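Notes to accompany the following structure.
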Amino acid sequence: MREGVGCALGFDKLIDTGDNSTLCFRPITPVIQSSMRIIWKEHNVLSKLQELFFKELEKNIG
């Protein structure tokens, strides 16, 4: 159920906030910039999907 109140801090463009969404994005001023990090347990056995994700990630940010 949507109550119509609430707020969350997050990065822009991570979720749909378009015309058909009940969510909206309001930028913080002054602009706050932060780098994103991907963190996982060292020596963790990865699933096939996780392996594919990391391979694609490496290709794109490499």
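Using 0.36 nm times the number of residues separating ARG2 and LEU14, minus their current alpha carbon distance, what extension gain do you get?
2.3 nm
Are there trypsin sites (Lys or Arg not before Pro) in the chain that DSSP marks as loop and that have at most 10 other Cβ atoms within 10 Å, and which are they? Please list the in-between numbers first.
Numbers: sites: ARG2, LYS13, ARG37, LYS41, LYS48, LYS55, LYS59; in loops: ARG2, LYS13, ARG37, LYS41.
Here the sparse-neighbourhood loop sites are ARG2, LYS13, ARG37, LYS41.
Taking region 1-49 as the region of interest, what is the percent of Cα-Cα pairs per 5 angstrom bin, listed from the shortest bin to the one with the maximum distance?
Taking all Cα pairs of region 1-49, the binned fractions are 4, 12, 18, 17, 13, 13, 12, 9, 2 percent.
List the GluC sites (Glu not before Pro) within region 26-62 that DSSP assigns to loop and that have no more than 14 neighbouring Cβ atoms inside 10 Å.
Working: sites: GLU42, GLU51, GLU56, GLU58; in loops: GLU42.
Answer by residue number: GLU42.
Roughly how tilted is helix 48-61, in degrees to the nearest 10 and between 0 and 90, from the longest Cα axis of the chain?
Here the helix axis deviates by roughly 80 degrees.
Could you work out what % of the accessible surface of the chain is carbon and sulfur, using a 1.4 angstrom probe and leaving DNA, RNA and ligands out of the count?
57 percent
The values are calculated or read from the model by the stated rules, or taken from the named source; none is laboratory data. All values derive from a computational prediction rather than experimental measurement. Positions of Cβ are generated from backbone atoms using ideal geometry, with glycine treated the same way; all protein chains shown enter the neighbour counts. Accessible surface areas use protein heavy atoms only, side chains included; no ligands, DNA or RNA. Shrake-Rupley method; radii C 1.70, N 1.55, O 1.52, S 1.80 Å.
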